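Asker: Below you'll find the structure I mean.
None of the figures in this text is laboratory data; all of them are computed from the coordinates on show. Since the model is a prediction, treat every value here as computed from it, not as a measurement. Positions of Cβ are backbone-derived with ideal geometry, glycine not excepted, and every protein chain shown enters the neighbour counts.
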Amino acid sequence: MSIISFEIVYRGIFQKSLATKISRTFILAAVKDGKVGISFGRYSDSPERNGIPAKQFGYIADTKEELEEVAAQYEPKQVDVTICVDDALCKGVESWGWYGLQPINAVTKPGGTLIVTSNQSSDDLVKHIHRKDTPYNLSIVKGEASFAGLWVYKDDGTDARCMGAALKACPEICSMASLEAAILENIGGNDHVEAARASYEDARSDEIKPGEGNTEVPFTFELLKWQDMRLGVVIDAVGGHNKFGDSDGGYVPGRNEYFKKWSTRTMRPVIQFDICTKCTLCWVACPDTVFDVTPDGYYDANMEACCGCGVCEAICPVPDCITMVNEVVFDERDSQYEMWNKDKEKFGKYVDEKLAKGKVENRHPITGLAGAFSGAGLAGGHNENNFSTKTLKEL
Ligand code: SF4
Ligand code: SF4
């Protein structure tokens with residue numbers, strides 16, 4: 001039996017159309033080659049909250065019987081190719097369906113390929129990706145995360161470019177001729193076909209050896225078994241506790257201790273406490289009650305709870321006091337307030353470094369998200385300037 005499988009790891013709900021276009025176009029191409037296939041999503045409703053990681057899968061088989069056998073699984077245990085369309089997810093995939101943090105390469109087969117859309121180098125990305133016991137390949141499709149969303153599909157060619165790179169990594173998916181025909185049918189015109197072709201030609205991958213990468217043990221927890229559940233509906237009271245002091249203020253709101261949003265966000269807020277006026281607006285407006293109140297009245301964004309929506313940056317009345325910065329440039333989740341309080345000069349340098357590396361200039365005017373307008377560059381990676389306010393068609 002020869003089965004080819006792939007997954008696309010994306011952010012619900014902004015990247016849903018992007019992920020489904022890649023998955024369905026590959027299946028269409030395989031069918032044109034005389035194979036059978038199925039494209040399906042891991043989630044399709046409420047868990048696809050803004051920014052929550054989700055997955056789209058595809059199986060390709062020679063016969064219907066083979067396909068039925070593998071499609072009976074809830075989701076593939078191993079895939080030939082993993083396509084990750086937001087490099088911040090290299091830190092791990094956290095969603096309601098997985099019990100903790102799942103490494104981005106968790107189901108990539110030994111010798112399979114992980115494809116990431118990123119402006120980072122392979123070396124930088126590997127620092128975030130959890131190590132595996134088996135080798136795999138890492139291939140980068142140059143560019144920021146493309147927010148080709150559910151409501152507004154940003155036609156910037158990221159889909160075609162990812163498919164070109166995936167086909168190079170796994171030529172068994174389909175023939176190039178069928179991919180081109182499927183792209184014309186399911187996505188767009190000749191510019192997309194050219195983007196896929198050029199990406200195929202340009203695609204390179206690095207072999208990542210066993211044990212290479214992030215040594216951190218991913219956060220995990222045991223789910224309650226049915227025998228452990230309590231009768232009836234029990235809603236525990238939500239309350240806060242003091243983090244910063246016992247008697248004189250400081251407040252941390254009650255939070256879900258299992259659902260930590262470490263990889264839910266593409267960006268995180270960086271706060272310059274030196275110029276904060278303690279106006280409370282960020283604390284009031286944050287939809288995820290992320291801000292811990294410090295005893296001296298500052299507001300510290302807790303990185304276990306932040307989903308990276310950017311509301312705090314938008315509402316802060318002090319220019320440059322809160323800046324959203326690309327999540328991928330951070331290696332830690334420490335309290336910024338504690339860093340600042342301990343050593344203001346050192347924290348100032350930390351802020352300068354993070355802003356220089358990861359300040360996101362090109363943001364969607366409505367969602368505020370990074371990369372919403374990031375163009376692919378004509379014909380896949382030849383254009384070094386990957387930022388563009390234009391779609392692939394306009395380019
Ligand atoms: S980005 Fe700001 S407003 Fe949004 S969840 Fe994080 S702290 Fe709250
Ligand atoms: S909105 Fe800005 S100025 Fe106001 S408390 Fe928050 S960080 Fe400080």
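Asker: Can you pull the percent of Cα pairs in the range 264-367 with separation above 18 Å?
Answerer: Everything past 18 Å amounts to 43 percent.
Asker: For labels at Arg204 and Tyr74 in the simple 7 Å Cα→Cβ model, what's the distance in nm?
Answerer: Simple spin-label model gives 4.1 nm for this pair.
Asker: Then there is this: How would you classify the range 4-208 from its alpha-carbon gyration tensor, with a ≥ b ≥ c the square roots of the eigenvalues: rounded for a/c under 1.5, else prolate if a/b is greater than b/c, otherwise oblate?
Answerer: It comes out rounded by the Cα gyration axes.
Asker: Grab the beta carbon distance between Ala285 and Arg230, set R0 = 41 Å, and tell me the FRET efficiency rounded to 0.05.
Answerer: About 0.70, to the nearest 0.05.
Asker: Moving on to the next point. Using the basic label-point model (7 angstrom from Cα toward the beta carbon), what is the Phe219 to Leu355 distance in nanometres?
Answerer: 2.8 nm
Asker: Greater than 22 Å separation of Cα atoms is the criterion. Which listed pairs, Lys32/Lys64; Lys142/Lys359; Lys260/Lys359; Lys91/Lys278, meet it?
Answerer: Lys260/Lys359; Lys91/Lys278
Asker: Pick out, in residue order, every one of the chymotrypsin sites (Phe, Trp or Tyr not before Pro) in the range 150-226 that is DSSP loop and has at most 11 other C-beta atoms within 10 Å; say none if there are none.
Answerer: Trp151, Phe221
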